[in-house]
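The values are calculated or read from the model by the stated rules, or taken from the named source; none is laboratory data. Model, not experiment: these values are computed from the prediction. Counting neighbours? That spans all protein chains shown, and the Cβs are built from the backbone with ideal geometry, glycine included. Remember, those area values only see protein heavy atoms, side chains included, never the ligands or the DNA or RNA. Shrake-Rupley method; radii C 1.70, N 1.55, O 1.52, S 1.80 Å.
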Amino acid sequence: MPNRGSGNHIWLSEVAPKNSQFKWAREYLEAANGEANPELFRIALKLATGAGKTTVMAMLIAWQTINAYRRPGSKQFASGFRIVASGITIRDRLRVLLPNDSESYYLNRELVPDDMRLEIQKARIVIINYHAFQLREKIQLSAGGRRFLQGRGPDLPTRENESEMVRRVMGDLMGIKNIFVLNDEAHHCYREKQSSEDDFIDDHGNPNSGDDLKDAKERVKKANQFAPLWINGLEAVKRTMGVSTVFDLSATPFLLAGSGYREGTL
């Protein structure tokens, strides 16, 4: 399964664009992204829990990095990687994707031949939780202190702007063009669409989530507040630095009921 996952992306990148028989596959994905994510090119890969999503990530990083090192003039390959996780626990587990980690998959799972391990060390990888895209306060003020300093004037500009957020989030990747992004649990990364009551109900008249309808709506309302943060953050990175491809990995083939998307539309 991991070989199939990484192989699909390699095929789409190297084979489909150059073969008239398969050119439609890449064009289809580009058209679909143009409708849903006009600023990003996203490829989704569904892998069942336990099938090896992290191994697929490591294989994609290895393929990109080694090719970037051996073809320095090519814009097709990247050596800078932003990995975005859906939570702190998952973020910490993904440290095995760092070449210098003591449990690095490249070494422990023998993903890279001995003669290529030095090349893997050249990969620049930063792992974050998607909440890092939230604009932060640059100056911590109490409510009273803010009112005192602001007086009757306009709101104080104490929060980061988009460029400042990108510099903070990208860290060591600043200066690299066309970052390769890997989203883990990517079904949480979507732009909210207008939903209806039917989105919460399955074909048998029961709540899609299995929860009480009121609880389901409250849960989805909360999720819909955070989902745009993830995709908006990636778009900010694209505008500032450039993003070549966003590779989405998830075990969930559909988005949350009430998000405005139906099953099978990830």
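Would you mind getting me the FRET efficiency between Gln76 and Glu164? Use the beta-carbon distance for r and R0 = 51 Å, nearest 0.05.
In this case the efficiency is close to 0.95.
Of the listed peptides 71-77, 128-134, what is their order by residue-averaged count of other C-beta atoms within 10 Å, with the highest listed first?
The packing order, highest mean first, is 128-134, 71-77.
For the stretch 2-140, report the translational diffusion coefficient in µm²/s to the nearest whole number, using Stokes-Einstein at 37 °C, 0.692 mPa s, and a Kirkwood Rh over Cα pairs.
Taking Rh from Cα pairs, D becomes 195 µm²/s.
List the residues whose amide H sits under 5 Å from the amide H of Arg159, counting only those 5 or more places along or on another chain, with H placed 1.01 Å from N in the peptide plane.
Excluding prolines and chain starts, which carry no amide H, the hits are Lys138.
Return the long-range amide H neighbours of Ile125 (sequence gap of 5 or more, or a different chain), with a cut-off of under 5 Å between placed amide H atoms.
Phe81
Given a Förster radius of 30 Å and the C-beta distance between Arg191 and Val15 as r, what FRET efficiency does 1/(1 + (r/R0)^6) yield to the nearest 0.05?
Step by step, r from the Cβ atoms, then E = 0.50.
Would you mind getting the accessible area per residue of the stretch 12-57, heavy atoms of the protein chains only, 1.4 Å probe, in Å²?
Accessible surface, normalised per residue, equals 58 Å².
Could you order peptides 173-180, 108-115 by the average number of other Cβ atoms within 10 Å of their residues, highest first?
Working: 173-180: 16.8, 108-115: 12.9.
Averaged packing, sorted descending, gives the order 173-180, 108-115.
Which FRET efficiency value, to the nearest 0.05, is calculated for Lys122 and Lys222 with the Förster distance at 51 angstrom and r the Cβ-Cβ distance?
Here the calculated transfer efficiency is 0.80.
Cβ neighbours within 10 Å, averaged per peptide: list 43-56, 10-23 in order, most packed at the top.
Highest to lowest by the protection proxy: 43-56, 10-23.
Pop out the carbon and sulfur fraction of the accessible area of the stretch 13-130 as a percent, whole number, probe 1.4 Å.
Working: 3160 of 6480 Å².
After summing per-atom areas, the C and S share lands at 49 percent.
Suppose accessible area is computed on protein heavy atoms with a 1.4 Å probe; arrange Glu162, Glu27, Glu119 from highest to lowest.
Order by accessible area, largest first: Glu27, Glu162, Glu119.
State, to one decimal in nm, how far the label point of Glu39 lies from the label point of Thr89, with both points 7 Å from Cα in the Cβ direction.
Taking the two extended label points, one gets 3.2 nm.
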